[in-house]
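The values are calculated or read from the model by the stated rules, or taken from the named source; none is laboratory data. Owing to the predicted nature of the structure, the values given are computational and were not obtained by experimental measurement. Ideal geometry is used to build each Cβ from the backbone, glycine not excepted, and the neighbour counts take in all protein chains shown.
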Amino acid sequence: MNTIYIDNNWVESNSSDVIAMLNPSDGTVLRNVSRGNAQDIDAAVKSARHAFETHWADMPAVERGRLLYKVSQKLIEHQDELTQLESDDCGKPTAQARADAIAIARYFEFYAGACDKFHGETIPYQSGFSVLTWREPHGVTGHIVPWNYPLQIFGRCVAAALAAGNTCVVKPGEDACLSILRVVELAREAGLPPGVLNLVTGYGHEAGDALVKHPDVDHISFTGSPAVGTLVTQVAAVHHTPVTLELGGKSPQIVFSDADLDELIPTVVRAIIQNTGQTCSAGTRLLVERPIYEKVISLVAEAFSNIQVGPASQNLDCGPLIRKTQLEHVKSYVQAALNDGLKVAGSGNLAPDAPEGGFYHKPMLFRDVPASHKLAREEVFGPILVAIPFDTEAEAVEIANGTDFGLVASVWTNDGHRQHRMARRVKAGQVYINNYGAGGGIELPFGGIKASGHGREKGFEALYGFTVLKTVAIKYKN
Ligand code: NAD
């Protein structure tokens, strides 16, 4: 039976079509999920609306928090199962999938604790007035999630939205969503009431579009590509639905000559190979001050030469890409770069027994890439690192800020003045000094500027986005 998750039950979808979920490690079908449609979305929104109006919004914050805490504990209990699902479905080496299973539980734990600590303010005003602000939930929030981090991205937007008192409808990515299908069941087992969390699988242009278009959805959190983010914004504007956009990146790591290379090299490698480069905040550009450029290139190339790529179950450094078209997409960037004469300084190795049907691509380091080249400007979404030398701090800033994106940046230097100057001048939603956080830090507000999106998720800050401020002015007689 084709099913969607509504009112805490798997119910029959209005569509008889299915979408095959492939195992990226060997190209076989793991299982089918429903190709949900607009009627399914409508049923899910009605369920969420009913739950919002009848109990969820009025539940004391402390009780909401206790429920979310129970969800976090349930997710911890089922960590092994969620790890396996995420690993098979996304092609993530088991250790990376486990990190995601731990992260989703932590999101629920963090926002459970935040529920009864989030409040409005009082404002000094004219004599005879008490003015206060309330942080009210939007109502029904729609969540469009991509395939690259189903557990983590579901956790970060849904846990925060629920904590703020919203009820949710989720449309997961069509390339990987099996872990999320289990998470909604675990939330029910933990005691989350019916209607609070609903889920419709399906394609973006069908179920996703229907969710954004729905007149009774009060807020959309969208995580995905800049192109679809633009579409979503346009469609949402028809009903003036507020939208949070978490989009792509081309994040720079800026390395000055006094950087600690022992810390730098493993961090640079991790930041590009994590999830085989299919990470919005991957560190894809390596900007290095000229005096240490050759040394850094040779150390990164040496580290790349030890990287093993293979099936998720082997828990190597890198798994496959998500699907065949993604593999072709990455290959086309590599081929174009080679055609333009760009030089490969290092690459990883494909495991000899990697299954034929898997979507594998070796990590590659390109050197001396002109900052204007598309390999240095566009989001490849694969394990391709570009190295660019620079001579001055001003030039480093210009190159770092010279793409359409602004998600994450890092600066490697021990000069304190430079650390502060650079943190100010680099245009990004997060700046790391002498470290790099691709996707880490549940407590740290995260989000982009420019084509990387707007609005913030993660941390306490997310709760502002998932609520609306109401100002209440009460006049009294002295
Ligand atoms: P995508 O934009 O193709 O799809 C993302 C989601 O949007 C999917 O669930 C898809 O079904 C849905 N969608 C597609 N068309 C839609 C439409 N017309 N209306 C409504 N929904 C629609 O992106 P993707 O390929 O799944 O993910 C990769 C992109 O996501 C990259 O650009 C990456 O940087 C970005 N991303 C950003 C973050 C972040 O936090 N900033 C995190 C992960 C991924």
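Here are a few things to note about the model shown:
- Qualifying residue in segment 444-459 (condition: touching a residue at least 12 places away in the same chain (Cβ under 8 Å), away from the ligand (no atom under 16 Å from the Cβ) and either more than 30 Å from residue 52 (Cβ to Cβ) or surrounded by fewer than 20 Cβ atoms within 10 Å (Cβ to Cβ) (or both)): no
- Segment 407-458: number of residues that are polar (S, T, N, Q) and in a strand (DSSP E or B): 2
- For residue 248, the conditions (1) in a loop (DSSP other than H, G, I, E, B); (2) touching a His at 6+ places or on another chain (Cβ under 8 Å) all hold with the exception of (2).
- Residue 259 being within 30 Å of residue 419 (Cβ to Cβ), more than 8 Å from the ligand (Cβ to nearest atom) and at pLDDT 95 or above: yes
- Some residue of segment 277-288 being within 16 Å of the ligand (Cβ to nearest atom) and at positive phi: yes
- Number of the condition not met by residue 450 [criteria: (1) touching a strand residue (DSSP E or B) at 6+ places or on another chain (Cβ under 9 Å); (2) within 24 Å of residue 144 (Cβ to Cβ)]: (1)
- Every residue from segment 115-164 that is more than 21 Å from residue 6 (Cα to Cα), touching a Lys or Arg at 6+ places or on another chain (Cβ under 8 Å) and small (Gly, Ala, Ser): 120, 128
- Number of residues in segment 106-145 that are surrounded by 15 or more Cβ atoms within 10 Å (Cβ to Cβ), in contact with a strand residue (DSSP E or B) (Cβ under 9 Å, 6 or more places away or on another chain) and among the small types (Gly, Ala, Ser) equals 3.
- Residues satisfying the stated conditions in segment 312-352, i.e. touching a residue at least 24 places away in the same chain (Cβ under 8 Å), of a type outside the set (A, V, I, L, M) and under 22 Å from residue 86 (Cα atoms): 313, 314, 315, 317, 318, 319, 320, 323, 324, 326
- If you check 155, 173, 165, 142 for being within 14 Å of the ligand (Cβ to nearest atom), part of a loop (DSSP other than H, G, I, E, B), in contact (Cβ under 8 Å) with a residue 12 or more places away in the chain and assigned by TED's automatic domain parsing to the domain that holds residue 45, only one passes: 173.
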